[in-house]
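These notes concern the structure reproduced below.
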Amino acid sequence: MRKMMIGAALLLCSAPLLAQGGMGGGMGGGGMGGGMGGGPPGGGGGPPGGGEGRPQKPREMKPIKRSQIDKIVTVMFAEADSNRDGIVTIDELRLVVQARREAIIRTRFDAIDSNHDGTLSLAEFQAWQSSMGSVALSETGAMGDQGGPVAEAIMPKLGDDPEDAILGRLIEPLNASAIAQANSNYDAGASLEEVLAFEHARFDAADADHDGVLSAEEMRSLMPRRGPGGGPGGPGGPGGPGGAGGPPPRN
């Protein structure tokens, strides 16, 4: 889902002007329907003077401010800093993730334990599996794992707007690797200031004029390069890692 949101947002950043006026007023009239004097003005199927139903232009992307990233990351940090000491350690993050996992397991158990006696009978298990229909025939579905595993990270809380998809591309989930990289003074953990500095890296790289705001033009630098045939460049190919016009390959 997240990939679909990102793709839609990036398309809005770079969409060219759409074809105007349907078939361009061919046949001496206002489009296919307007030609030969037999159709309504402006072409068949569209409003008068509008050709063949001109698509609406995508709305302009709103600029993204650096402060928006700060706000989202601060919420992520507070969620990870369970003891409220202003420092997030890797062990602390793991405990937060584990507590979240246990809460989900408990919720699933309570949903199956229909009489709430703390144990599962064969009848309760069969009723749960039967309620899942054909999904229960697969190993993954039978375990009731449609929501997927619990992420080993604190994820940014974002909306559904195109700008939120761009923010999701800019903000690194708060996981063990992010904490280790953010911990610039190599002490017990990472402070909010260190995490913010780490999370600013992608934004600052895209902010070409360093004004603290990403314009639609600057957001285009976040778009993946396209390879032959309109697809993303593959490793060693044009636009792909190690290829012409692409980033260097990762070791």
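A few notes on this one:
- Computed over segment 64-222: relative contact order in percent, which uses C-alpha pairs under 8 Å that are six or more apart: 32 percent
- Projecting the Cα atoms of Asn83, Leu192, Gln126 onto the dipole axis of segment 64-222, where Lys and Arg carry +1 and Asp and Glu carry -1 at the beta carbon, places Gln126 farthest toward the positive end.
- Rough spin-label spacing in nm, given labels placed 7 Å along Cα→Cβ, for Glu124 and Gln98: 2.6 nm
- Taking Cβ atoms as reference points and 12 Å as the exclusive limit, the residues near Asn83 contribute a net charge of -3, counting Lys and Arg as +1 and Asp and Glu as -1.
- Calculated FRET efficiency, Val213 to Ala180, Cβ-Cβ distance, R0 = 30 Å: about 0.50 to the nearest 0.05.
Values in this text are rule-based calculations from the coordinates and carry no lab data. Predicted, not measured: the structure shown is a model, and the values here were computed from it. Reconstructed Cβ throughout: ideal geometry from the backbone, glycine too, with neighbour counts over all protein chains shown.
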